[in-house]
Structure formats: structure tokens, C-alpha cells
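Report on the structure given below.
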Amino acid sequence: MNPPSETAVPKDDYDTPWKDAVTRYFPEFIAFYFPDAHWQIDWSRGYTFLDQELAQIVKDAELGKRLIDKLVQVATHDGGEHWVYVHVEVQGGYDGDFAERLFTYNYRLYDKYRRPIASLAVLADDREHWKPQTYGYELFGCRHYLEFPTVKLLDYQSQAQALLVDPNPFALVTAAHLLTQQTKGDDRQRLAAKWRLAKLLYERNWDKQRIIDLFSVIDWMMQVPKELQKQLWQDIEQLERNRTMPYITSVERIGIEKGRQQGMQQGMQQGMQQGMQQGMQQGMQQGEAALLERQLTRRFGPPSADTLARLKAASLDQLEQWAENILDATMLEDVFKDH
């Protein structure tokens, strides 16, 4: 095991990458972990995230070490004009009250919508034998039970090689999660695993945005000290030059730094002060657009190509105005209103 690094490493963080991955690729999430549910859902009719509605329903409940909680409105192939609801929970650690909480959420959601509610659980903890799947009670001949499908990420450890060749993006997300657990305390081993997953992204026949999105998940999960992260960026830049695919190195987290560097280079030709201002402006604009894209995704689902193009073309002032608008917006169109 490596000696402690002088550079502090942030605590392993699954919350944001799990949220981003599930929100951006919800059909693939269901297909990978809950295939029976996937084929029963009519994806051609779309789906809607109801995070605010879920927050209101469960706001007084004990949350435990929960990674994400999603409520999604979907349609089934045999459901006619009616919608049904999927409540997804990714649980990060052991919680003795977990099954009871899902039971409570399920009946509260049914009470609100009066429509079928499916509760689906992904367990990301490190307890091999903890796998709650039921909760209920009986009294005087009355029986009230909830049985819910449960997926245990530890169960995929024996399928490590299969995960690396599976075309579903959540195979790599699962692999990244397991490797993050396995390499805890060993920075160099984690760096090697992270580099392997990064290279695999380029071997997929995926579009640029998906490669960037999946790398963002892997990068956020598998954090390493700054000096090792710098080495990773250098290796990725070399890989992209060899493949003429400048994808990951354009990812949002280095957009501001890239902008500053470009500004300094332009400043050598057109005046240092002007160049730095332009570079910083460009970097700030890229960072603001990336942040707004994440906020839109969480509120209204994955943005369309038109919306992404609009963000890319917007000025910094416009982006800042839209970022304020999203606080009170009830629909996507409200975000882009001028005030």
C-alpha cells in the first residue's frame, strides 16, 4: 500500500455522479439493473422526473445514507392513457430501517397519485449479506406487505470482466463503483484502474457527449491526489491526439482553466491584458454553461440538442440570468424568459 500522500484527496463522493448518470441515462439504468421493468415500460411515450414532488412527500422522513432518490412518471405498453410511477433509490450504506422507509414512501406516493407505484432499490453498501426485499405487517387477518426488487452492486464483483465489455453505460458505472471501493487507500492502483476505464470509453461506439458524461462519472467517483490526476490528464491528452478525438479533455471541469490558458496565448499576440480577459471570459462562460446544463438536467431531464446549442451560444450575462430564472421555473420555457 502506498504511504499517505501529502496532497489531500477529497472523500469518495458518489452522490453527484450517481444523480447525473441516472438522470441522463434513465432508460439504460433501468435496462441494466431492472430488465423486467424495462421491457414493460413504453419508452416511446417519454418519461418525466418528479424530484420536487418526491421531496415534498418524503421531507419529514429519516433519509439515512442515501445516494439518490428519484421519482419518475412513465407509461406501460398496456396502460392505456394512464401513467404509472417508478421510485428509485440508490442506498450507499447499511440502514436497518431501509425496507420500512421504502414501504412508507410507496404508500405515501400511492396516496398522492392513486396510481401503481414501483419501488426499485440499488444497494451500493459493502455488506455482502444485507439485501432487504420486503416489509409489512399482519393484524387481525389484515395483511399489508411491500415486496420490492433489490440489486446489490457487490454481486457484480464476480462479473468484473463482463462489466468492462458490456455496452450498457451502467456496466462501466458499476465497475467504477466497485473499483473505487477496492482501491480505497491505494492511490496508484486507483489511478491505474481509472486510466483503464478512461481508455475503454474510446473503444465504445459512442457519441462525444456520452463519452464526456461517463468520464465525468468515473472521474468524480475515483478521486486521486492532484499530482496523479495531472498525470492522468496528460495520458488522456496523448490518447486523444493519437485518436484525433479531443473529447474528454474538453470536459466542463477544466473549461475555465483552458479558457485562461487560451487567453494568455492570445495576449502574447494581441496584448497580455486583453488576452487574459478574453480567456477568463471564455472559461467562465464554459463553466457557467456546464453548471446550468446540470441544473436543467436535474430539474427537467436531459436537455435536447437545441437546448445544448442554446447554452453553448449564450453570453455570460444570458447564462447568469437563466441560472437565476431556474430557481423559480416550473417548466423549461420559464428558464429562458427575459426579465
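The values are calculated or read from the model by the stated rules, or taken from the named source; none is laboratory data. Since the model is a prediction, treat every value here as computed from it, not as a measurement. Every residue, glycine as well, gets a Cβ built from its backbone with ideal geometry; the counts of neighbours run over all protein chains shown.
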For residues in the range 325-338 being under 16 Å from Ala314 (Cα atoms) and in a loop (DSSP other than H, G, I, E, B), which is modelled with the highest pLDDT? Phe336
Candidates Ala175, Ala193, filtered to the one that is in the same structural domain as Asp235 (by TED's automatic domain parsing) and either touching a helix residue (DSSP H, G or I) at 6+ places or on another chain (Cβ under 6 Å) or modelled with pLDDT of 95 or more (or both): Ala193
Take Ser250 and tell me if it is surrounded by fewer than 14 Cβ atoms within 10 Å (Cβ to Cβ), at pLDDT 70 or above and either of a type in the set (S, T, N, Q) or more than 29 Å from Lys194 (Cβ to Cβ) (or both). no
Filtered residues of the range 150-189 (kept if within 20 Å of the chain's Cα centre (by Cα) and not aliphatic (A, V, I, L, M)): Thr150, Lys152, Tyr156, Asp166, Pro167, Asn168, Pro169, Phe170, Thr174, His177, Thr180, Gln181
Kindly establish whether Gln209 is part of a helix (DSSP H, G or I), surrounded by fewer than 15 Cβ atoms within 10 Å (Cβ to Cβ) and under 18 Å from the mean Cα position of the chain (by Cα). yes
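Restricting attention to the range 14-52, which residues are exposed (fewer than 15 other Cβ atoms within 10 Å of the Cβ), outside any loop (DSSP other than H, G, I, E, B) and at pLDDT 80 or above?
Across the range 14-52, the qualifying residues are Pro27, Pro35, Asp36, Trp39, Ser44, Arg45, Thr48, Gln52.
Run down Arg101, Arg115 and say which single residue is surrounded by fewer than 17 Cβ atoms within 10 Å (Cβ to Cβ) and of a type outside the set (Val, Ile, Thr). Steps first, please.
Working: Arg101 fails: surrounded by fewer than 17 Cβ atoms within 10 Å (Cβ to Cβ).
Only one candidate passes the filter, namely Arg115.
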Spans of strands (runs of 3 or more DSSP E) in the range 79-161 with at least 2 residues among the hydrophobic types (A, V, I, L, M, F, W, C), touching a residue at least 40 places away in the same chain (Cβ under 8 Å) and in the same structural domain as Phe26 (by TED's automatic domain parsing): 84-91, 117-123
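Looking at the range 132-154, can you tell me whether even one residue there is of a type outside the set (Gly, Ala, Ser) and modelled with pLDDT under 90? Break it down stepwise before answering.
Kept after step one, since they are of a type outside the set (Gly, Ala, Ser), are these residues of the range 132-154: 132-135, 137-140, 142-154.
Restricting the remaining residues to those that are modelled with pLDDT under 90 gives none.
Checking the range 132-154: not a single residue is of a type outside the set (Gly, Ala, Ser) and modelled with pLDDT under 90.
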